[in-house]
Amino acid sequence: MKIAAIQPLSLSDFPGHCAAIIFTVGCNLRCHYCHNKNLWDESCQQISEQEIWTFLRSKTKKLDGVVITGGEPTIQPGLVEFIKKIKVLGYKVKLNTNGANADCIRDLINQDLIDYIAMDVKAPFDAYEKVCGTKVSLENIKESLLLVSSSKIPHEFRTTWATQWLNEDDIGSIKAIIPKHSKHIVQ
């Protein structure tokens, strides 16, 4: 795993849980408004997995959750094994994802490794590549939407309303994409 940082405590990022946040390195999108651009490639400063394990082992009685975010965690080849190790320590796991890697999301759901999923829905489908700044497989995004919404895992879909890229009509179009029983947050 390529990890840029750990935030030792969050009371708001994992609903109902006191959690640490792990920031992975790398992202397959280039969203123009991204607040974590420094995590896009491997040139950013990284910390060792050993630091993560030392920290997590020392906090098992104080924290009950770990949020894995990025960058984009699902592009990490070691993500499944990493989460398995976190689960062995007794933590619940929340995944933040852009939904572009449906295969990884399916694998994590099928292995019962995720306790909460937050997936970004960046734009209406016809504007996805414009907002994301790169080629995007809409089939993967649609499949991830279905995987997440049809799972029994608590979840939410999120949209960052960057007004230079999305207007009110776009937000309405995005809301129409989100399954009715799923929570959608516009931030």
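The values are calculated or read from the model by the stated rules, or taken from the named source; none is laboratory data. The structure presented is a predicted model; accordingly, all values stated were derived computationally and were not measured. As a convention, Cβ positions derive from the backbone with ideal geometry for all residues, glycine included, and neighbour counts pool all protein chains shown. For the accessible areas, the whole protein counts, side chains as well, though only heavy atoms, and no ligand, DNA or RNA atoms are used. Shrake-Rupley method; radii C 1.70, N 1.55, O 1.52, S 1.80 Å.
Taking the protein heavy atoms of the chain in the context of the full set of protein chains, the accessible area attributed to carbon and sulfur is 51 percent at 1.4 Å. Rounded to the nearest whole Hz, the Karplus-based 3J(HN,Hα) values (6.51 cos²θ - 1.76 cosθ + 1.60, θ = phi - 60°) of the range 141-154 follow the sequence 4, 5, 5, 5, 4, 5, 4, 5, 5, 8, 6, 8, 7, x, with x at glycine and proline.
Accessible surface ranking for Glu139, Glu129, 1.4 angstrom probe, highest first: Glu139, Glu129.
For the chain, modelled as a GNM whose springs connect Cα atoms under 10 angstrom apart, the maximal fluctuation among Ser137, Ser149, Ser58 occurs at Ser58.
Reducing the range 118-142 and the range 20-43 to their Cα centroids gives an inter-centroid distance of 16 Å. Per residue, the chain exposes 49 Å² of solvent-accessible protein surface, assessed with a 1.4 angstrom probe and all protein chains in place. The lysines within cross-link reach of Lys175, meaning a Cα-to-Cα straight distance under 29 Å and a gap of 8 or more places when in the same chain, are Lys37, Lys92, Lys94, Lys122, Lys130, Lys135, Lys142, Lys152, Lys183. Note on the chain: helix-only mean residue ellipticity at 222 nm, from DSSP H runs of 4+ residues weighted -39500 (n - 2.57) and normalised by residue number, equals -9000 deg cm²/dmol. Near the amide H of Lys92, within less than 5 Å, lie the amide hydrogens of Gly65, Val66, all on another chain or at least 5 residues away, with H placed in the peptide plane. Calculated FRET efficiency, Glu168 to Lys37, Cβ-Cβ distance, R0 = 41 Å: about 0.95 to the nearest 0.05.
Sorting the segments 21-32, 156-167, 113-124, 91-102 by their residues' average number of neighbouring beta-carbon atoms within 10 angstrom, most packed first, yields 91-102, 113-124, 21-32, 156-167.
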